[in-house]
Amino acid sequence: MANISMVDLQTQYEHIKPEVDAAIQEVLNSCYFVGGGPVKEFACELSGYLGAKDVIPCGNGTDALQIALMALGLKPGDEVITTPFTFVATAEVIALLQLKPVFVDIHPDTFNIDETKIEEAITSKTRCIIPVHLFGQVANMEAIMNIAKQHNLFVVEDNAQAIGADYTFSDGRRQKAGTIGHIGCTSFFPSKNLGCYGDGGAICTNDLELSEKIRMICNHGSKVKYYHDEIGVNSRLDTIQAAVLRIKLRHLDKYTAARQEAAQIYNELLAGEEPITTPSIATFTTHVFHQYTLKVTSGRDRLQKKLGEAGIASAIYYPVPLHLQKAYQHNGYQKGDFPVSEMMAEQVLSLPMHTELNRNIQIKIASTLKGFIKERAI
Ligand SMILES: *Cc1c(COP(=O)(O)O)cnc(C)c1O
C-alpha cells in the first residue's frame, strides 16, 4: 500500500478538474487577474452561504486577522485576549500591531478557549477577544459574546479552521461559525476546509460601517483611487483563486459531510483504545473536522514515529503553546502558566483527515495504530 498522507488534494482536484480548469481558463482568457467579476461573485456567494451581511476577500487568513484588528482602531498597548493553543498567526498579528496578546487557557476536551477563565484576564486595557474555532468546532460563542457585551469588548473570530460549522444558541437559534462576533476571519490556504490553489482569505461582518472600513484597509486605506483616508495594506484575493473558490464553495457541504463521515469511522475503529481518546464535540456546535485529533496520554511521540515508519502520516498541532515560543517570551509568561495547553501540546496527535478518505484507508490506519498499542510498542 502506498504511503498515507495527511491530505489528498490531488484526488479532490481530479474530481472537479473539468469545472476548475474551465473557470481558470476563463480568467486567463479575460487577462483580468486582480479584482473583477469572480472576486465580487465569490464574496457575494460566500456571504449568502454564511448568512453574513458582508464578506471582504483578502490575501490570506493572517492578513484577515490583522486587517480586522486594524479596522477596530485598537491602540498600541491595548490588550487582546486569545488562546495559546493555536497557529501562531493569531498572536502574531496582535504583536505586529503593538497590541499585547493576553492568553487564556483551553478546555482539555475541545482544545478551545476556556470561556470561564476569560473574565479573570480582563483588565482596563482589554479591548478585544479572539476565540479560535480550533480543528473545526466552534468555541462557546454565546458565553464569549455575553462577556464581551458586559465589558464592552470586540470579538474577532479566528475561523480559519471551522468554515461551515454551525453554532446553536441556547434559544435554538443557529448561526455559521465566523458570523457571530463583530468580525470573522478565515483562510483559504489549500489544505483548509475551503481551500484555494494558492493563498487566500476573507473577513466577514454584519456591521456595514466596519465592512466599509475593512474594504478600505485592504485597499491601501482608499475608497476613491489615489485618495487615502486610512493607513491600509495591500491584501487581495486574486481572480484565479476566486474562480477556484466559487467552484469549491458549491462542494463545501459535501466535503464537510465527507469529513464528518470519516471522523465517525475513526471513532468506531478507535473506540476504547487506551491510552487514546477520540475527539469530543461540545453540545452547542457541529464539528467540520479540519483536523481529527486524538489525545494520547502516554507514548505519543513513539506512536507518531512508529506510524511514520509504517508509511502513515500524522501531525502534532501544536507542539509548543504560543506563550512558550521564543518570539513571545517578552510577554513574561513561563512554563506552568497554562497547564492545560501545555499538557495538550504533549498529547495531541492528528490523523490523516480529508475529503477523499475511505473506510479501507482508515481501517489500515486504525489497525496499524492498534497493533502498536497491543504490542506495547508505545
Ligand atoms: C491557517 C490559519 C491561519 C492563517 O491563515 P493563512 O491563510 O495561512 O495566513 C490563522 N489562524 C489559524 C487558526 C489557522 O489555522
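Assorted remarks:
- Rounded if a/c under 1.5, otherwise prolate or oblate - the chain, Cα gyration tensor axes: oblate
- Between residue 224 and residue 26, the contour length at 0.36 nm per residue exceeds the Cα-Cα span by 68.4 nm.
- Listed residue pairs exceeding 29 Å between alpha carbons, taken from 176/364; 40/213; 213/326: 176/364; 213/326
- Farthest toward positive dipole pole in the chain [+1 Lys/Arg, -1 Asp/Glu at C-beta], among 110, 348, 139: 348
- Sequentially through the range 238-253, phi angles give Karplus couplings (6.51, -1.76, 1.60; θ = phi - 60°) of 7, 5, 5, 5, 4, 5, 5, 5, 4, 5, 5, 4, 5, 9, 4, 5 Hz, Gly and Pro residues having no value and appearing as x.
- Here each label is just a point 7 Å from Cα along the line to Cβ, and for residue 297 and residue 119 those points are 3.1 nm apart.
- Residues in the range 89-109 that a label on residue 143 would reach, taking backbone N under 13 Å of a point 7 Å out along Cα→Cβ: 105-109
- Simple Cβ-charge dipole of the range 191-308, Lys/Arg +1 and Asp/Glu -1, about Cα centre, in debye nearest 20: 380
- Loop-resident chymotrypsin sites (Phe, Trp or Tyr not before Pro) (DSSP state other than H, G, I, E or B) in the range 1-84 with no more than 15 further Cβ atoms inside 10 Å of their Cβ: 32, 33.
- Percent RCO, i.e. relative contact order, over the chain, from Cα pairs under 8 Å lying at least 6 residues apart: 22
- Cleavage-rule hits, trypsin sites (Lys or Arg not before Pro), the range 154-204, DSSP coil, Cβ neighbours within 10 Å at most 16: 173
- For the peptides 82-90, 351-359, 157-165, 254-262, residues were scored by their other Cβ atoms within 10 Å and the scores averaged per peptide; the highest-first order is 157-165, 82-90, 351-359, 254-262.
- The phi-based Karplus calculation (6.51 cos²θ - 1.76 cosθ + 1.60; θ = phi - 60°) puts the 3J(HN,Hα) values of the range 27-34 at 5, 4, 4, 6, 6, 9, 9, 10 Hz, whole numbers, x for Gly and Pro.
- A simple charge model with +1 on the Cβ of Lys and Arg, -1 on the Cβ of Asp and Glu and nothing else charged puts the dipole of the chain at about 380 debye relative to its Cα centre.
- Neighbour-count ranking [beta-carbon atoms within 10 angstrom, fewest first] of 20, 288, 34, 104: 34, 20, 104, 288
- Exposure proxy order (Cβ contacts within 10 Å, fewest to most) of 100, 364, 40: 40, 364, 100
- For the pair residue 191 and residue 376 in one chain, pulling the backbone fully straight at 0.36 nm per residue adds 63.3 nm over the alpha carbon distance.
- Computed from label points 7 Å out along Cα-Cβ, the spacing between residue 268 and residue 45 is 3.3 nm.
- In terms of its C-alpha gyration tensor, the range 123-197 has an oblate overall shape, because the principal axis ratio a/c (a ≥ b ≥ c, square roots of the eigenvalues) is not below 1.5 and a/b does not outweigh b/c.
- The separation of the range 318-358 from the range 1-67, counted between C-alpha centres, amounts to 29 Å.
- Cα gyration tensor shape of the range 23-70, rounded if a/c is under 1.5, else prolate or oblate by comparing a/b with b/c: oblate
- Computed [θ] at 222 nm, deg cm²/dmol, the chain (DSSP H ≥ 4; -39,500 (n - 2.57); rounded to nearest 500): -12500 deg cm²/dmol
- Here the spin labels are modelled as points 7 Å beyond Cα on the Cα-Cβ line, and at residue 257 and residue 325 they lie 3.7 nm apart.
- 11 Å beta-carbon shell around residue 78, net charge (K/R +1, D/E -1): +3
- Electrostatic dipole magnitude of the range 297-378 [Cβ: Lys, Arg +1; Asp, Glu -1; Cα centre; debye, to 20]: 340
- Trypsin sites (Lys or Arg not before Pro) lying in DSSP loop within the range 266-353, provided at most 15 other Cβ fall within 10 Å: 335
No value in this document is a laboratory result; all are computed from the given coordinates. Keep in mind that what you see is a predicted model, and the values were worked out from it rather than measured. FYI the Cβ positions are ideal-geometry reconstructions off the backbone, even for glycines, and counts take in every protein chain you see.
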